[in-house]
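The values are calculated or read from the model by the stated rules, or taken from the named source; none is laboratory data. Small disclaimer: the values here were computed from a predicted structure and weren't measured. Here the Cβ positions follow ideal geometry from the backbone for every residue, glycine too, while neighbour counts run over all protein chains shown. Please note that ligands, DNA and RNA were not included when accessible areas were found on the heavy atoms of the full protein model with its side chains. Shrake-Rupley method; radii C 1.70, N 1.55, O 1.52, S 1.80 Å.
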Amino acid sequence: MTQDQETTIEPSDAGSGASPIAGEDPAMSRVLRRETHSSRAGAASIAAVLVIIFCVIALLESALRAIGQPPWLVDPSTAAERIIALPAGIPPLLLGASGAVIAMVGLFFLLHAVLPGRRARHLLRDPRTAVVVDDEVLASALARRARTAANVTPEQVMVIVSRQSVVVNVRPTSGSRVSEEAVLKAVQSELDEMSPVPMPAVRVNLSTSGVVGA
């Protein structure tokens, strides 16, 4: 388990009276969104570089053709004719491989443009600050509460936190009875105290196979 990572952002004076949650405090919504969503700058930079390279090559080839010089890579008219004639003159294997590469590149940029790109983080309500906490930190805190309620060792509890749900997996000690309701109430109580946004739903799974006690 990695060390707890927590980011605290001080709100502006103008929005200090409202709950510092993205969408509720306009002065902080942009900062909080940057903390909870992955940046698109990398994909945008790659796309921009590819477009710039293509434009520079096309401009260079057009200029060489205009002054009657031989092409540097390929003559623009020749390239256009080859594109129109596709797939003639290209082996099927090479054509399929090229199509697959182009499709994967296009899918990469499409997913970056369409998907929200949320990070594994939640916001915590606080009267003075806006707190952004990693889901691993939430999972660690909930696991401690769950194993206390179930009276088991840390190795017997695994908590998975996602944006909308918390799954608590418990392997009871052989011969001991674990109350699923008690674990559920304990984890839900811990969540209510932390008040993460959005509030995930809790589900407890008790393993049918127990662990032999020490």
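Using a probe radius of 1.4 Å on heavy atoms only, what accessible surface per residue do you get for segment 42-128? Whole Å² is fine.
76
Under 5 Å between amide hydrogens, which residues at least 5 positions from residue 121 or on another chain qualify, with H placed 1.01 Å from N in the peptide plane?
Here the answer is 135, since their amide H atoms fall under 5 Å of that of residue 121.
Applying a 10 Å radius around every beta-carbon, put 136-148, 177-189, 56-68 in order of their mean neighbour count, most first.
Per-residue Cβ counts within 10 Å, averaged per peptide and sorted highest first, yield 136-148, 177-189, 56-68.
Quick check: the distance between the Cα centres of segment 156-214 and segment 60-129, to the nearest angstrom?
If we compute the Cα centre of each part, the gap is 46 Å.
HN-Hα J couplings of segment 70-83 from phi, Karplus 6.51/-1.76/1.60, θ = phi - 60°, integer Hz, Gly and Pro as x?
Values, residue by residue: x, x, 6, 10, 8, 5, x, 5, 5, 4, 5, 5, 5, 5 Hz.
Please compute the net charge surrounding residue 189, taking Lys and Arg as +1 and Asp and Glu as -1 over other residues with Cβ under 14 Å from its Cβ.
In short, -1.
Jot down the radius of gyration and Dmax of segment 45-148, Cα atoms only, both in angstrom.
25.7, 82
Around residue 211, which amide H atoms from residues at least 5 apart in sequence, or from another chain, sit under 5 Å from its own amide H, with H modelled in the peptide plane?
Excluding prolines and chain starts, which carry no amide H, the hits are 173, 174.
What FRET efficiency do you get for residue 108 and residue 184 if R0 is 45 Å and r is their Cβ-Cβ distance, rounded to the nearest 0.05?
For residue 108 and residue 184, the calculated efficiency is 0.65.
Give, to the nearest whole percent, the P(r) tail of segment 79-214 beyond 26 angstrom, counting all Cα pairs.
That tail contains 49 percent of the Cα-Cα pairs.
Hey, got a sec? Which chymotrypsin sites (Phe, Trp or Tyr not before Pro) in segment 43-144 land in a DSSP loop and have at most 14 other Cβ atoms within 10 Å?
Those that pass, being in a loop and sparsely packed, are 72.
For segment 98-105, in order, what is each residue's ³J(HN,Hα) by Karplus, 6.51 cos²θ - 1.76 cosθ + 1.60 with θ = phi - 60°, in whole Hz (x at glycine and Pro)?
With the stated coefficients, segment 98-105 comes to 5, x, 5, 5, 4, 5, 5, 5 Hz.
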